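Q: Next up is a structure, given as structure tokens.
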Amino acid sequence: MADKIVVGVDGSAESKAALRWALRQAELTGSRIVAMMAWDSPPIYGWEDAPSQDLNARAAETLGDALREVAPEGTTVEIEKQVANGHPAKALLEESEDADILVLGNRGHGGFTGVLLGSVSQYCIHHATCPVMVVRAPKT
């Protein structure tokens, strides 16, 4: 089986930069990519059936949009799309347990503008069992 690169995608410019880096690395090394988007909904007390199917579908759509934007048409890199329900950092760490590298943007959606490193990236850097590459989006 080919080497495995896990890349976190949330639709942000930073995550798209991470996906571009992962694609170039996969081309150079013959690796396959697992592009993962994880979402977690806050508990809503008194509402037993949270609209998880809607959130899952929206996450899958955002992931697909990012891949269509970033991945060149006709790429030979094997890309597996995964949408996970759960805390993004924990889902990425679980998927990357057998990966050669975990690739993340330096910050994604949420948080404070200007933060150098997002909370998901920060958590993964400290807890991953594989190397972690944090990619900054180019300044526009």
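Here, each number is a calculation from the coordinates, and none is a lab measurement. Just so you know, these numbers come straight off a predicted model, no measurement behind them.
Q: Starting from 0.36 nm per residue, how many nanometres of slack lie between T76 and T129 once their C-alpha separation is accounted for?
A: On the way: separation 53, 0.36 × 53 = 19.08 nm, distance 2.76 nm.
Length gained between T76 and T129: 16.3 nm.
Q: Fully extended, how many nm does the chain gain between E61 and L28 (0.36 nm per residue separation, minus their Cα-Cα distance)?
A: 9.1 nm
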